Amino acid sequence: MSEDLKVSKIKRGTVIDHIPAGMAPTVLRILGISDGASNVVVVAMNVKSSKLGQKDIVKVENQILDEQKFQKISIIAPQAIINIIDNYQVVEKRGVSCPHELEGILKCPNRNCITADRLEKMLTYFVCEKEEPLILRCHYCETSVAADRAEIL
Ligand code: CTP
Ligand code: ZN
């Protein structure tokens, strides 16, 4: 069965496609709609994909992603494709790529890192160390973090 038979199209908003299977709930949390939303939200999990075997899809009506949400999704779903939909048509398709500078996006796992000090109130800052698989490095303490194990803020 094709995914279109299971997942209806949206009129206007954002479709995040090619999310690794099982990651849709994390995407919903990043979008800030895990506790309910007023817009239409369509979630499909474990649908067939030629590229990934199985994938998840999240569709949100009337929401355009800001840069911070876009970056967070790039980390947990590096193969995701973001489609902007207007009047039922895909008007923009954007692949996520290794984000080169990530400010305040993920937590540094090193407890001695200056960004872990509550009094300093410093934003974390990561750079891309390697693309596939994605590995990020803390600018301050140089701790490396595999993207699939990163704690998203
Ligand atoms: N989509 C949607 N509502 C629309 C138009 C498209 O929900 N009005 C969804 C499609 O179901 C698909 C995604 O947006 O999941 C991208 O649409 P499209 O580019 O038409 O599909 P593909 O060519 O299969 O995309 P890709 O090559 O990125 O897999
Ligand atoms: Zn650090």
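The values are calculated or read from the model by the stated rules, or taken from the named source; none is laboratory data. Just so you know, these numbers come straight off a predicted model, no measurement behind them. Quick reminder, even Gly has a Cβ in these numbers, built from the backbone with ideal geometry, and neighbours come from all protein chains shown. Accessible surface is based on the protein model in full, side chains and every heavy atom, while ligands, DNA and RNA are left aside. Shrake-Rupley method; radii C 1.70, N 1.55, O 1.52, S 1.80 Å.
A cut-off of 5 Å between modelled amide H atoms, ignoring neighbours fewer than 5 places along the same chain, links GLY104 with THR124, TYR125, PHE126. The packing ranking, built from the mean of other Cβ atoms within 10 Å per residue, places the peptides 119-130, 101-112 in the order 101-112, 119-130, highest first. Under 5 Å from the amide H of GLU129 lie the amide H atoms of ILE135, LEU136, ARG137, each residue being 5 or more positions distant or on a separate chain, with H modelled from the backbone and absent for Pro and chain starts.
What FRET efficiency comes out for the pair VAL90/ASP35, r = Cβ-Cβ distance, R0 = 35 Å, nearest 0.05? That pair, VAL90 with ASP35, gives E of 0.75.
Compared with the direct C-alpha span, the chain from ASN112 to ASP66 gains 13.5 nm at full extension, assuming 0.36 nm per residue. A 30 angstrom limit on the alpha carbon distance is what I want to check against. Which of LYS55/LYS121; LYS48/LYS69; LYS11/LYS69; LYS59/LYS121; LYS48/LYS107 exceed it? Going by Cα-Cα distance, LYS55/LYS121; LYS59/LYS121; LYS48/LYS107 fall outside the 30 Å limit. Accessible area per residue for the chain is 60 Å², calculated with a 1.4 Å probe on protein heavy atoms, without ligands, DNA or RNA.
Coupling constants for region 129-136 follow from the phi torsions by the Karplus curve (6.51 cos²θ - 1.76 cosθ + 1.60, θ = phi - 60°), and in residue order they are 9, 7, 8, 10, x, 5, 10, 10 Hz; glycine and proline get x.
The calculated pair-distance distribution of region 101-152 uses every alpha carbon pair, bins of 5 angstrom beginning at 0, and gives 5, 24, 34, 24, 9, 3, 1, 0 percent.
Taking θ as phi - 60° and the Karplus parameters 6.51, -1.76 and 1.60, the scalar couplings of region 18-32 work out to 6, 7, x, 3, x, 8, 4, x, 5, 4, 4, 5, 4, 6, x Hz in sequence order, x denoting glycine and proline. Taking the longest Cα principal axis of the chain as reference, the axis of helix 67-76 is set at about 90 degrees.
Expressed as a whole percent, the proportion of Cα-Cα pairs in region 1-144 lying more than 23 Å apart is 41%. Working note: Karplus 6.51/-1.76/1.60 with θ = phi - 60° gives region 114-126 the couplings 4, 6, 8, 7, 4, 6, 5, 6, 9, 6, 5, 8, 10 Hz, where Gly and Pro are set to x.
Here each label is just a point 7 Å from Cα along the line to Cβ, and for LYS48 and MET122 those points are 5.1 nm apart.
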